[in-house]
Each structure stands twice: as structure tokens, then as C-alpha cells.
Amino acid sequence: MSSELHVDVSAGVAVLTLNRPAQQNALTPALSAELGAALRRCDTEDAIRAVVLTGTPPAFCAGADLSNRVGDVSGTIDPPPWRVRKPVIAAVNGHAVGIGLALALQCDLRYMARDAVYGLNQVRRAVMADGYAHWTLPRLVGMAHAADIMLTGRTFDGEEAKAMGLANNCLHASEVLPTALAVAQDIAGGSAPLPVALSKRLLWEGLGMTPEAVGQLEAELNTYVVKSVDGGEGMAAFRDRRQPRWTGSISSDWPAWGDPATAERPGLD
């Protein structure tokens, strides 16, 4: 990866750091493509169990880089964080506006700096928010808050983000990354990879399903997971009163449902 995207993998956790501090980590087409490639790696490598996405201080991501005609910048990263089969945690350690905030909304968990500035302010520039923001934001904060944020284009701080349910927690900027890393390390060291990956996929897709479809998938996926190598290990560890040793492979054990290549929907083969 280039110097504009730092990728560090250690003890099952990949840390992806947007590194354009002089431009407050504003996205360019090249940086967006690199981020997509890094996320694709995180999805396919079994050694990576959790992902932390952050920015070099003082910002997380100030949106699209509109200087020097760098080209059209979209917040639609390929793959988006919500399609990656590992938990993706946004360590929003500074300002995140426009595409920058949309990117954080695509992640599974968000830890946000208390005093930073957040907003989807595109309507104030006569354009619309993108990066799945019209899909992610109302799911996270409800229609009333989403309409307030998107139609006014106003900004808000970390305390309000937490009050709305957008942030899992708001902290001092210096505490954001350590907190996100601690959560990622806990997931990487404690949770079985396949059930975590399937729970993530069902959480994102389940909101568009009927309760009956979700219940059926829960039952089918649990039956599938129990038969996996880690399903047996989980029961053995519980019986022997020891910590489990997970050896399963998401890449090899992934069921037909939710296949990242075919985007198959409910129904296990």
C-alpha cells in the first residue's frame, strides 16, 4: 500500500489508517481504491479476525478531496466495510464530514472523538450524500434523526452522536483508537470467527427481511455452525472448562447464503 494508506496486521487485527494528515485524510480516487483493496484482503485472509479503520490525526476523514481536480470521489468503497466478513470498527479520532462520516457509517461499530465535528453536509454544496448514507443512517439513528442530519446538512459533536445511537461511545480523541483496538483484540481473541461473520451479515441484511425469514435463517445457520470444526471445539472447551482454540476458516467454511461473490440471499443449500 502507498504512504497514503497504512496497513498493519498484528495478532489477528488489521489496522487501516488513512494517512493524508495535511489534507485531513480527505479521500481521493486512488486512496478509495487502495482502501477497497485492503478491505478485500481483510475479507479473504483468515488470519485477520477484526479490522480497525482510522485516520492519522488530527482528523478521521474530512470528506472528498476537491482540490486540484483529483477526479470524482465516491464514498462507495468496493467492498464496503459492511460486506467484509470480519467486524470493522471505525476509530473516528477526529473530524468526519461528508464521505468521511458516510465511511464510518458503513462500519459495524463506531468509537468517536467527543469534540470533533461530524456531519453529512453535501446538501449545502448542492449535491447529495452518498456512500450508502441514505441506507445506513436511518438504520442506525431512525428516520427522524436521519432526516435532521441529511436535510439540514448541519454538524454535530460526539456527545450528540452517542445520544442519537450513531456512536457506540464518545471519548477524548486520544482514547478513541486504543478503545477500538481493545474491542478488536477482544473479538479476535475470544469470539469464534464463523458465527461472528454470519451474525454480522445477518444483522446488516436482516432489517430488510421478515421476522419469519430471520428466524428461519438463525435456525439454519446455527445448525450449520454447530457442525463446523469450531462448533465442536466450542462445546469441548465448555465441557473441559478451558479457553477455546479456534481453527475454523471463514473462507473455506462460508455457506452458500450471503456468498460475497454471488450475494445470495436467504436459503441455505
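The values are calculated or read from the model by the stated rules, or taken from the named source; none is laboratory data. Remember, predicted model here, so these are calculated numbers, not experimental data. Because the Cβ atoms are built from the backbone with ideal geometry, glycine has one as well, and the counts that use them run over all protein chains shown.
Scanning segment 76-101 for residues being modelled with pLDDT of 95 or more, part of a loop (DSSP other than H, G, I, E, B) and of a type outside the set (D, E, K, R) gives a total of 7. Among the residues of segment 166-191, write down those that are within 23 Å of GLY12 (Cα to Cα), surrounded by fewer than 19 Cβ atoms within 10 Å (Cβ to Cβ) and not polar (S, T, N, Q). Scanning segment 166-191 gives GLU175, PRO178, ALA182, ASP186, GLY189, GLY190.
Residues that are surrounded by 10 or more Cβ atoms within 10 Å (Cβ to Cβ), part of a loop (DSSP other than H, G, I, E, B) and of a type in the set (D, E, K, R) within segment 229-259 comprise just one, ASP259. The number of residues in segment 118-137 that are farther than 19 Å from ILE89 by Cα and of a type outside the set (Gly, Ala, Ser) comes to 10. Residues of segment 188-211 that are assigned to a helix (DSSP H, G or I), under 20 Å from PRO80 (Cα atoms) and aliphatic (A, V, I, L, M): LEU194, VAL196, ALA197, LEU198, LEU202, LEU203. Residues that are surrounded by fewer than 17 Cβ atoms within 10 Å (Cβ to Cβ), out of contact with any strand residue (DSSP E or B) (no Cβ under 9 Å at 6 or more places or on another chain) and not aromatic (Phe, Trp, Tyr) do not occur anywhere in segment 84-91. Among the residues of segment 102-136, those identified as out of contact with any Gly (no Cβ under 6 Å at 6 or more places or on another chain), part of a loop (DSSP other than H, G, I, E, B) and touching a residue at least 12 places away in the same chain (Cβ under 8 Å) are GLN106, CYS107, ASP108, ASP115, VAL117, LEU120, ALA129, TYR132. Among the residues in segment 52-60, are any touching a Leu at 6+ places or on another chain (Cβ under 8 Å), within 30 Å of VAL196 (Cβ to Cβ) and part of a loop (DSSP other than H, G, I, E, B)? Among the residues of segment 52-60, at least one is touching a Leu at 6+ places or on another chain (Cβ under 8 Å), within 30 Å of VAL196 (Cβ to Cβ) and part of a loop (DSSP other than H, G, I, E, B), which makes the answer yes.
Are there any pairs with C-beta distances below 9 angstrom linking a residue in segment 4-15 that is of a type in the set (Val, Ile, Thr) to a residue that is modelled with pLDDT under 95, with the two at least 6 apart or on different chains, and if so which? Within 9 Å, the pairs are VAL7/MET1. Considering (1) part of a helix (DSSP H, G or I); (2) surrounded by fewer than 17 Cβ atoms within 10 Å (Cβ to Cβ); (3) under 21 Å from the mean Cα position of the chain (by Cα), the lone condition that GLN216 does not fulfil carries the number (3).
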